[in-house]
Structures are given as structure tokens and as C-alpha cells.
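*Asks:* Can you read through this structure? Questions will come right after.
The values are calculated or read from the model by the stated rules, or taken from the named source; none is laboratory data. Note that the structure is a prediction, hence the values are computed from the model and not measured. FYI the Cβ positions are ideal-geometry reconstructions off the backbone, even for glycines, and counts take in every protein chain you see. To get the accessible areas, we keep the full protein, side chains included, count just its heavy atoms, and leave off ligands, DNA and RNA. Shrake-Rupley method; radii C 1.70, N 1.55, O 1.52, S 1.80 Å.
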Amino acid sequence: MRTPHAAPLPATDAGLAVRIVDAIRAATNGAARAALHEPEFAGREWDYVQQCLDTGWVSSVGSFVDRFERELAAATGARFAIATVNGTAALHAALICAGIRPGDEVLLPSLNFIAAANATSYAGAIPHFVEVEEATLAIDPGALMAHLSDIAVNDAGGLVNRRTGRRIGAILCLHAFGHPARIEALVELAARYGLPLIEDAAEALGSRLHGKHLGTFGQLGVLSFNGNKVVTTGGGGAILTDDEALARRAKHLTTTARVPAGWHFVHDEIGFNYRLPNLNAALGCAQLERLDDFIARKRVLAARYAEAFVKVPEVTLFTERPGARSNYWLNTILLKPAAAAQREAVLEAANAAGYAARPVWTPMHELAMYRDCPHMGLAATDGLCRRIVNLPSSPKLADAA
Ligand SMILES: *Cc1c(COP(=O)(O)O)cnc(C)c1O
């Protein structure tokens, strides 16, 4: 963001921005313009949505919702999937299912989309911001372990932050841009401290680590089907779990906590109207049929980016690490520290050329409403958030020109 009175930008190397634009053009088969991530409806979407309209089942009840949940469970290997109106609602319900109560702290990375911190706030809890590492752009388990051994004490009520006196209720980790966090270490860390682990796998549908789908390592996982995700329902989300009691609780909470009582309306707690409508689920069922195709093409695009960015040594292209199979939701470049000052110029050049390159999110601890939340040392976060650029990543960009 530039204002007339802002300090002048550091001298830029016009060559770098130009070479990055050239690399995007080469990787995308010379596309004249490219959005960050566009949906594609080339399967049975029209047919399934029409079935909803023809039968009148457009709202919170209907066969596509149940079918979407079954197919999500099958696609991810989770025992249960509960569909919701969006990913943020799924995070909110997952936090409550994990036992988060008002006044608790939830450990989550500051380098994050706004949903995790907001969902924590909806639950009456306080985000406690955690450091990330460059290798995964996700929680640094070693740093978190050192932080917890410094600040956390066990008392009768559970784990407590002795600086604030508040209970620490859960770890809410993020799999950034479809790549796995160091999730096995986080599972171990969470178990050691007796904390439930929730995975924000909103960006990671179809991504696996050692064959296991992201979002199925912790007690609860969350997916999103927003319009810019790998698979879209227009708006939508889901909670994944292997735990039958948690699945039942998630379904109950997200469907207004209504209990069976014939035609009477009886609710046994304050629930949420978070059920995914049938119309959206119909779209989702058709999109899921295309998931493997979407990911195959996105992986071709990622390989083309890797080839094109060989010529740009000032930049590291983020690639999957050993054992991971990523959906490459977004292709991400990291400007090396010496080139970080040129990020704004890179964004401007790419967007002027028609390519919707985007910076990463403003870290949560810099936002007005979260500035006073507890946090650990965030030096890596502060550095990384100024070096990340996300590149156009729609599946169709891999198709022959
Ligand atoms: C998309 C996304 C969500 C959920 O977003 P909704 O728009 O509410 O579905 C949550 N976390 C991350 C990291 C996301 O990218």
C-alpha cells in the first residue's frame, strides 16, 4: 500500500520484477491474464444443481448434503465429515467441540488467514500467536515446545499460561497453501501437553503426508469450499474427525442443536445454523468428481513454475517436501532476504501485466483487534510475511495454450 506521504520505496532492480513476470508468463503457457484461483464447472455441476431446482430440495435438508459428506469422508479417509456453511463456521464449531470455553487461549500461528483468530474470538477465547518456520510456512514445533516449557504450567484445570493465568485449550495449526505443516511433530507435542489438535486444512483438500490426508491427523480437521479453493460449493466448509462422539456433537451444534421430538421444535443448547444447503452440496458433489483432475493439472502447473523460476535465483519457489503430496493450492515464491525490499515492485509489475499475484496475509499480531493478544517470539513470521508472493494457480493455466 503506498500513500503520497509514505517513505520512498527502496531502489528497485527493475530486472527482477521483469524476470518474475516472464517466469509467470512462461509457466502459464503465455496466458494474457490470470486470476489467483478460478473455479471451473466443466462436469456435472449443471445437472446436480438442476436436480435441486427440479425437486425443490435447495435448502438445509436434501440428499446431496449427506452424499457430499460421505464422499468427503471417502476422499480424505476421515471416518466422519460434517458439512457447514463455510470454513470459518467449521472452525468455530470445531473449537467448541474440542472443549474451548470462553476465556481460554488457543495456540495458532500469526501468519494466517483471519478465519482462525476470528473463530477463536467467536468462541469467546483468545488467540495466542505462535511462530512459524520457513521450511513449512506453518507452526515451528521446536519453537512452540520451547515456548510452552517456558510459560505453561499444569494445574487441576489443565494447562495454564502462567503469564496470563488463562487456560490453554487447544492448538489450531494451519497447512499453508496446501502444503503440510510438520504435523507429526505437532501431534506429539499436543499429546505431550494434553492439548487437542485442530487442523485448519481449508486450503489442503487432496493434500497428503506419508499417504495420510491433511486434516485427519488431529482430533478435528477443517476444510473450506470457498470460491477460490481447490473445490468449491460457492461457500462451504466441513469438519473432519475419526471420533464418533465428536462427529455427533459437531453435527448437533451445526444444526441448531435440535433433538428428535416428532414435529415439535426442541433444542437442548444454543446451537448454530451452520448446515450447508443442499444447493451448495450439489455443486460440491460435482466438483469432488473432478478433484483428481484438478490436482493433476495443478501439479503440472507447479512443475512449470519450478522450471520457469530456475532463471530467477533471487527467489525460492515453495515445493512439497519429502513424503508430502501437495495439492499446490497456491504456488508460492519466497523472495530471498536480500530481495525482500522489492516485493511491492514485483506485485505491481505482475498485476500490471495481468497476473493476480498477491502478498501473504498481514500477520494477525499486527491487526488492530489482535495486537494485544499473547504471543511468543515472532521474528520468523515478521521476516516471512514480507517475502511471500502467491502466484496465479488455477488448474486451467496448465492446459495447452
Ligand atoms: C479459506 C480459508 C478458511 C475458511 O474460509 P471460508 O471462506 O470461511 O470458507 C480458513 N482458513 C484458511 C487458511 C483459509 O484459506
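*Asks:* Please work out if Leu330 is at pLDDT 95 or above, of a type outside the set (Val, Ile, Thr) and within 21 Å of Gly178 (Cβ to Cβ).
*Replies:* Considered against the rule, which asks whether it is at pLDDT 95 or above, of a type outside the set (Val, Ile, Thr) and within 21 Å of Gly178 (Cβ to Cβ), Leu330 comes out as yes.
*Asks:* Scan the range 233-250 and report the pairs whose first residue is at pLDDT 95 or above and whose second residue is assigned to a strand (DSSP E or B) and basic (Lys, Arg), with Cβ atoms within less than 8 Å and a gap of 6+ or a chain change.
*Replies:* Every condition considered, no pair remains.
*Asks:* How many of the residues in the range 298-351 are over 15 Å from Leu16 (Cα atoms) and more than 23 Å from the chain's Cα centre (by Cα)?
*Replies:* The qualifying residues number 2.
*Asks:* Consider Ala81 carefully, then state whether it is free of Cβ contacts under 8 Å to residues at least 60 places away in the same chain and within 16 Å of the ligand (Cβ to nearest atom).
*Replies:* No: the conditions fail for Ala81.
*Asks:* Which condition breaks for Gly165 when tested against (1) in contact (Cβ under 8 Å) with a residue 24 or more places away in the chain; (2) under 18 Å from Asp104 (Cβ atoms); (3) open to solvent by 10 Å² or more (accessible area, probe 1.4 Å)?
*Replies:* (1)
*Asks:* Continuing with the same structure: Could you look through the range 42-78, keep only residues that are open to solvent by less than 50 Å² (accessible area, probe 1.4 Å) and charged (D, E, K, R), and pick out the one that is farthest from the ligand (Cβ to nearest atom)?
*Replies:* Glu45
*Asks:* Could you check how many residues of the range 84-116 are farther than 23 Å from Ile388 by Cα and either among the polar types (S, T, N, Q) or near the ligand (Cβ under 10 Å from one of its atoms) (or both)?
*Replies:* Summing the residues that are farther than 23 Å from Ile388 by Cα and either among the polar types (S, T, N, Q) or near the ligand (Cβ under 10 Å from one of its atoms) (or both) in the range 84-116 gives 9.
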